[in-house]
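The values are calculated or read from the model by the stated rules, or taken from the named source; none is laboratory data. Quantities reported herein were computed from a predicted structural model and do not represent experimental measurements. All Cβ positions, even for glycine, are placed from backbone atoms using ideal geometry, and neighbour counts span all protein chains on display.
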Amino acid sequence: MYRSHSCGELRASHVSQEVTLAGWVQKSRDKGFMIWVDLRDRYGITQLIFDEERTPADVFEKAKTLGREFVIQVTGQVIEREAKNTKIPTGDIEILVKKLTILNASLLPPFTIEDDTDGGEDIRMKYRYLDIRRNPVKNSLMFRHKVTMEVRNYLSKQDFIEVETPYLIKSTPEGARDFVVPSRMNEGEFYALPQSPQTFKQLLMVGGMDKYFQIVKCFRDEDLRADRQPEFTQIDCEMAFVEQEDILTVFEGLTRHLLKEIKGIDIEKFPRMSFDEAMKKYGNDKPDIRFGMEFGELNEVAQHKDFSVFNSAELVVGIAIPDAASYTRKEIDKLIDWVKRPQIGALGMVYVKCNEDGTYKSSVDKFYDQDDLAKWAEKTGAKSGDLICVLSGKTNKVRAQLSALRMEMAERLGLRNPEEFAPLWVVDFPLLELDEETGHYHAMHHPFTSPKPGQLELLDSKPGEVKANAYDLVLNGNEIGGGSIRIHDKKVQATMFKHLGFTDEEAKAQFGFLMDAFQYGAPPHGGLAFGLDRLVAILGGQETIRDFIAFPKNNSGRDVMIDAPAPIDSEQLKELNIKLDI
Ligand code: ASP
């Protein structure tokens with residue numbers, strides 16, 4: 001037995017017991033006649049004391065050699081501490097050590113193993129196993145475990161079963177590039193790693209499994225902008241004999257359960273918003289509704305004056321920023337520069353100060369009088385003291401720009417409180433999305449998503465207007481889950497592939513197995529997947545998913561600790577019949 005107790009366990013009630021502990025040396029203070037060591041394990045820290053008078057001489061000498069992160073085992077008596085430490089649960093006691101074994105020495109760690117470490121991100125990633133010893137990372141991993149256990153418990157209780165699906169498969173159409181794996185046994189052929197288990201979970205429904213879930217790795221080879229990982233985890237779910245309403249009910253239940261169990265928060269019913277409404281009110285299909293600043297469309301009240309910029313725009317739209325009328329000229333100029341940055345791309349910004357005395361002062365006073373501006377204030381919900389910011393241009397672009405400004409201002413004004421949770425369902429997504437560059441339509445969710453009943457006919461005439469039985473669960477401005485009711489009819493699926501530009505041969509080659517399965521009694525089915533990493537991060541009140549992944553990759557998709565990806569030797573290449581041409 002290496003230890004009788006953990007380092008977080010002992011209290012005043014244990015005083016006078018003999019105990020054995022094992023762990024890492026957090027720090028050691030040598031006062032000459034007395035040495036104190038903080039011993040740490042996953043559960044906490046316990047103070048050890050070595051005393052020239054009471055500790056055997058050889059043990060005392062050995063204690064002097066202990067360095068940071070040495071792994072040791074000690075046996076001794078629990079005694080009451082003279083100077084109690086109220087900051088830690090074990091602060092009432094210490095261990096008067098009589099036996100010390102050094103289980104393993106340690107090099108000096110390249111950064112301090114403290115909550116506030118001196119190590120930067122790169123060095124911590126290289127020595128991630130040391131980083132994991134720190135409370136913030138350790139606690140995040142434990143938190144993740146708690147969330148996944150709650151998910152498993154909840155779904156199991158609802159008769160879902162967890163089924164594993166294969167990783168060596170072929171392309172799944174989630175819109176990213178595939179990671180591929182060469183097959184040695186099948187010359188010149190490759191597997192693709194799943195972008196999600198989408199097709200397999202549908203086949204499980206054909207197989208009669210009826211309620212499936214899986215906490216599963218997905219792989220997508222995309223440019224790793226903003227906090228993405230090439231491999232990430234989904235809570236993947238599918239149900240048979242359901243309609244959209246059934247899915248929303250079950251997974252709203254799961255999310256409510258998590259908010260209750262993990263955060264102690266009760267949320268009654270999640271609001272629902274159509275995609276069109278979300279775009280109109282927030283310029284975004286994953287609106288953060290913890291705060292207002294809803295869009296006010298101003299075409300009606302701002303066009304047909306002499307301001308040609310607005311007259312020629314498809315959309316003129318503004319938001320009221322609370323209490324910002326007092327901004328100085330310089331501050332407003334800075335805001336204008338912010339929206340004009342290439343990442344946002346606005347050509348300019350018109351503003352209106354809603355003065356406390358009820359008057360308005362705008363950057364376009366030449367074209368608009370006080371009555372006009374009062375209408376703008378009404379449309380944007382501006383109160384006196386607010387600053388109205390107005391952008392104009394092509395509808396989609398200008399919505400995206402104003403949405404970015406809305407989020408930025410909310411951040412600056414401290415309106416994005418990580419301890420507040422505002423979930424909502426966004427429903428009625430378009431089935432197809434126009435790729436502005438190629439002029440082709442592609443599936444907004446994925447090609448297995450079913451159009452709303454009765455809308456199949458519109459596919460030919462007005463493809464952009466067809467709505468899908470697709471939904472996203474949004475939490476605090478993040479899409480944390482998304483799914484759809486699927487097509488389960490071979491003919492409909494074939495029509496869908498045709499509209500997405502697949503020839504019959506291509507559709508057969510890629511998804512023939514699914515269409516074949518649909519001929520053997522496929523039940524109506526649908527499902528969704530949650531992004532577990534992001535869900536855990538949001539519940540944990542953190543911004544980045546990396547903090548909740550034990551061994552994450554960096555922005556170039558590298559694992560800097562094991563140094564992957566890496567070249568493989570020529571023998572291995574030969575075996576795989578692969579010649580490099582780089
Ligand atoms: N496979 C989808 C995704 O990864 C989720 C779903 O439709 O169930 O986004």
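Structural remarks
- Residue match in region 176-190 (condition: in contact (Cβ under 8 Å) with a residue 12 or more places away in the chain and within 13 Å of the ligand (Cβ to nearest atom)): yes
- The lone criterion from (1) surrounded by fewer than 19 Cβ atoms within 10 Å (Cβ to Cβ); (2) within 16 Å of the ligand (Cβ to nearest atom) left unmet by Pro453 is number (2).
- Taking region 90-114 as the range and being of a type in the set (A, V, I, L, M), assigned to a loop (DSSP other than H, G, I, E, B) and surrounded by 14 or more Cβ atoms within 10 Å (Cβ to Cβ) as the test, only Ile113 passes.
- Of Ala83, Ala105, Ala63, all but one fail to be within 28 Å of Met34 (Cβ to Cβ) and modelled with pLDDT under 95; the exception is Ala83.
- Filter result (within 18 Å of the chain's Cα centre (by Cα) and among the polar types (S, T, N, Q)) within region 116-169: Asn139, Ser140, Thr148
To keep it simple, each residue is scored yes or no on (1) basic (Lys, Arg); (2) surrounded by 20 or more Cβ atoms within 10 Å (Cβ to Cβ); (3) within 17 Å of the chain's Cα centre (by Cα); (4) modelled with pLDDT of 95 or more.
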residue: Glu222; (1), (2), (3), (4): no, no, yes, no
residue: Cys237; (1), (2), (3), (4): no, yes, no, yes
residue: Glu245; (1), (2), (3), (4): no, no, no, yes
residue: Gly253; (1), (2), (3), (4): no, no, no, yes
residue: Leu259; (1), (2), (3), (4): no, no, yes, yes
residue: Lys269; (1), (2), (3), (4): yes, no, no, yes
residue: Ser274; (1), (2), (3), (4): no, no, no, yes
residue: Ala278; (1), (2), (3), (4): no, yes, no, yes
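- Count of residues meeting criterion [within 16 Å of the ligand (Cβ to nearest atom) and outside any loop (DSSP other than H, G, I, E, B)] in region 483-531: 16
- Candidates Arg81, Arg42, Arg29, filtered to the one that is basic (Lys, Arg) and touching a Phe, Trp or Tyr at 6+ places or on another chain (Cβ under 9 Å): Arg29
- Of all residues in region 532-553, those satisfying the criterion of being within 16 Å of the ligand (Cβ to nearest atom), closer than 30 Å to Glu245 by Cβ and aliphatic (A, V, I, L, M) are Leu532, Leu535.
- Look at region 135-153: where a residue is more than 22 Å from Gly8 (Cβ to Cβ) and hydroxyl-bearing (Ser, Thr, Tyr) and a partner is at pLDDT 95 or above and crowded, with 19+ Cβ neighbours inside 10 Å, sitting 6+ places away or on another chain with Cβ atoms under 9 Å, you get Thr148/Thr233; Thr148/Ile235; Thr148/Leu532; Thr148/Val536.
- Within region 348-381, being exposed (fewer than 13 other Cβ atoms within 10 Å of the Cβ) and within 23 Å of Lys280 (Cα to Cα) holds for one residue alone: Glu378.
- Within the set Pro197, Pro173, the sole residue that is under 16 Å from Ala517 (Cβ atoms), within 15 Å of the ligand (Cβ to nearest atom) and surrounded by 18 or more Cβ atoms within 10 Å (Cβ to Cβ) turns out to be Pro197.
- All conditions in (1) in contact (Cβ under 8 Å) with a residue 24 or more places away in the chain; (2) surrounded by fewer than 22 Cβ atoms within 10 Å (Cβ to Cβ) hold for Ile388, with the sole exception of (2).
- Hey, Arg54 within 30 Å of His257 (Cα to Cα) and touching a strand residue (DSSP E or B) at 6+ places or on another chain (Cβ under 9 Å) or not: no
- Any hit, region 462-470, residues being part of a helix (DSSP H, G or I), within 16 Å of the ligand (Cβ to nearest atom) and either surrounded by 18 or more Cβ atoms within 10 Å (Cβ to Cβ) or not hydroxyl-bearing (Ser, Thr, Tyr) (or both): no
- Condition check for Asp559: loosely packed, with under 14 Cβ neighbours inside 10 Å, at pLDDT 95 or above, away from the ligand (no atom under 16 Å from the Cβ) and of a type in the set (D, E, K, R): no
- Subset of region 401-433 (residues that are assigned to a loop (DSSP other than H, G, I, E, B), more than 16 Å from the ligand (Cβ to nearest atom) and over 21 Å from the mean Cα position of the chain (by Cα)): Leu413
- Annotation note: Cβ proximity below 6 Å between a residue of region 90-112 that is under 19 Å from Ser6 (Cβ atoms) and a residue that is among the aromatic types (Phe, Trp, Tyr) (sequence gap 6+ or interchain) occurs for Val97/Phe50.
- First in region 34-55 and assigned to a loop (DSSP other than H, G, I, E, B), second anywhere and acidic (Asp, Glu), Cβ under 8 Å, 6 or more apart: Tyr43/Glu9
- When Leu203, Leu224 are checked against the criterion of being in contact (Cβ under 8 Å) with a residue 12 or more places away in the chain, hydrophobic (A, V, I, L, M, F, W, C), more than 23 Å from Tyr471 (Cα to Cα) and away from the ligand (no atom under 11 Å from the Cβ), Leu224 stands alone in meeting it.
- Of all the residues in region 56-89, those that are assigned to a loop (DSSP other than H, G, I, E, B) and either more than 26 Å from Pro109 (Cα to Cα) or not aliphatic (A, V, I, L, M) (or both) number 14.
- Hits in region 152-181 - residues which are more than 28 Å from Glu222 (Cα to Cα) and β-branched (Val, Ile, Thr): Ile161
- Candidates Arg134, Arg177, Arg144, filtered to the one that is touching a helix residue (DSSP H, G or I) at 6+ places or on another chain (Cβ under 6 Å) and among the charged types (D, E, K, R): Arg144
- One residue alone among Glu436, Glu479 is within 16 Å of the ligand (Cβ to nearest atom) and either among the acidic types (Asp, Glu) or free of Cβ contacts under 8 Å to residues at least 40 places away in the same chain (or both), and that residue is Glu479.
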